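Worksheet for the structure shown next.
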Amino acid sequence: MTIRGKQEPAARASMGSRASRVAATVQPTVRRVSALAHVAVALLATLAMTFALAVASAPLNVVAYADDATTSGGSSSGASGGESATPIAGPVPNVIITNFTYGDGSVAVGSDFTLSFTFQNKGKVAVSNMVVTVDGGENFAIAGGTNTFYVDALYAGRSATQSVPMQALSSAKSGAQGVTVSFRYEYVDSGSRSSASSDIRISVPVSQPDRFQLDDPVAPEDATVGNETTITMNYVNKGKGDIANVEASIEGDGIETATKTQYIGNVASGASGSIGFAFTPTTAGSLEAKLHVAYEDSDGKSQTKEFPVTVDVAEAAPMPDDSGMAVDDQTADQGVAWWVWVVAAAVAVALIVLVVVLVRRRRKKKAKKADIDEEWDEWTKDDGGDDANGKAGDGPAAGPAVAADPEATQLIVPTSPASASETGADSRRARKGRA
């Protein structure tokens with residue numbers, strides 16, 4: 001018992017030292033295993049995150065099924081009930097135009113240009129057997145070649161570019177005009193092939209050439225200082241579009257105008273007219289003026305044209321000096337020259353004298369005719385008395401002679417007043433002889 005009691009402490013000490021050596025040997029191993037475990041956990045976490053990201057970025061091709069069978073309570077019975085399932089179709093791929101070009105600025109009518117456009121498949125599935133058609137409508141035409149193009153396949157997210165030579169027709173209207181691009185294609189959805197189409201309209205600006213023609217200004221030939229005169233300018237709109245808000249003005253030294261700017265208005269296609277620039281010269285000589293014409297062309301752009309013009313201005317004519325003329329105040333007020341009144345008075349006097357002469361001549365003719373008639377009456381009476389006396393004096397012898405000669409009893413009528421006068425004078429001389 002004494003020996004065993006002495007050996008137990010020694011055994012315990014030996015066991016303690018052995019345990020210490022084992023612990024010292026195992027502890028580094030445990031630490032290495034723990035480190036390896038941490039590394040493994042980190043790797044597993046990294047792999048899990050990578051897998052999750054890959055799954056999120058990958059396209060989700062999930063086919064869902066709808067169960068049309070429902071229970072009397074309104075809940076679906078599920079596929080286990082033996083009902084058939086109908087797959088839901090996936091989204092239809094969309095093809096759009098992302099960019100297009102036609103050149104710089106606008107396209108002039110009658111000119112050629114190249115239309116280039118880029119189209120992209122915005123869907124989740126690829127499209128195939130694509131046919132692209134370009135339609136210019138009534139304003140554009142294909143300038144050689146065809147307006148239809150074929151694309152074998154266009155995968156999801158991919159894009160392609162197509163160029164088309166085109167021409168703006170001479171009858172095209174100004175402004176933004178449309179071009180239609182049509183896409184017809186096929187795609188596979190849930191194991192079946194389907195077709196789709198889309199029409200996209202793009203706009204190309206068209207411009208009409210500025211054909212508003214203004215002729216050279218026509219200066220007046222008789223411009224004088226202080227008197228208003230006018231410069232004229234003819235215009236015509238030869239373009240196919242209307243000209244709007246036409247304004248005209250004139251400026252220059254030695255020129256005064258009542259209206260600085262005159263508004264002409266709109267000028268329709270094919271219309272013509274004239275612009276008059278009224279002004280009053282203030283100085284004599286050659287005056288340099290400048291005409292301004294502003295308007296908006298058929299594209300709505302502001303245009304301005306200037307025309308220089310030279311006007312020869314003369315001094316005003318001097319006023320006549322009436323100080324040496326004796327002019328009646330009334331005549332001066334009426335504005336009639338004095339010699340006009342003198343001529344009028346002379347004509348009036350001549351008319352009066354002519355009337356007096358004609359009246360006197362007529363009176364003389366009437367008096368002369370009255371004398372002739374009186375003498376004729378006296379001559380007729382005397383002839384009658386002589387015949388009576390002759391018959392009484394001659395007696396029977398004379399009577400037969402008169403009766404035998406009927407010609408002696410005929411009355412001879414004078415052919416003119418002069419002959420009648422001579423006959424009357426002869427009769428008077430005969431009577432005097434008989435007495």
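The values are calculated or read from the model by the stated rules, or taken from the named source; none is laboratory data. The model shown is predicted, which means the values in this text are computed figures rather than measured ones. Glycine gets a Cβ as well: all are built from the backbone with ideal geometry, and neighbour counts include every protein chain shown.
Mind telling me which of the residues G74, G90, G144 ends up being surrounded by 12 or more Cβ atoms within 10 Å (Cβ to Cβ) and either assigned to a loop (DSSP other than H, G, I, E, B) or at pLDDT below 95 (or both)?
Answer to the selection: G90.
Residue-wise test of (1) at pLDDT 90 or above; (2) among the hydrophobic types (A, V, I, L, M, F, W, C); (3) within 30 Å of S106 (Cα to Cα).
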residue: V236; (1), (2), (3): yes, yes, yes
residue: S269; (1), (2), (3): no, no, yes
residue: S272; (1), (2), (3): yes, no, yes
residue: P281; (1), (2), (3): no, no, no
residue: S298; (1), (2), (3): no, no, yes
residue: A317; (1), (2), (3): no, yes, no
residue: V336; (1), (2), (3): no, yes, no
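Tell me which residues, restricted to segment 190-229, are assigned to a strand (DSSP E or B), over 29 Å from Q303 (Cβ atoms) and of a type in the set (S, T, N, Q).
Within segment 190-229, S192, S194, S195, S197, S198, T224 qualify.
Across segment 190-220, what is the total count of residues that are touching a residue at least 40 places away in the same chain (Cβ under 8 Å), surrounded by fewer than 15 Cβ atoms within 10 Å (Cβ to Cβ) and not small (G, A, S)?
Adding up the residues that qualify gives 2.
Conditions: (1) closer than 30 Å to A244 by Cα; (2) in a loop (DSSP other than H, G, I, E, B); (3) at pLDDT 90 or above. G157 meets all but one. Number of the miss?
(1)
Quick one: how many residues across segment 275-307 are small (G, A, S) and more than 15 Å from the chain's Cα centre (by Cα)?
Selection size over segment 275-307: 6.
When you look at E247, is it among the acidic types (D, E) and farther than 30 Å from K173 by Cα, yes or no?
Here the answer is no, as E247 does not meet what is asked.
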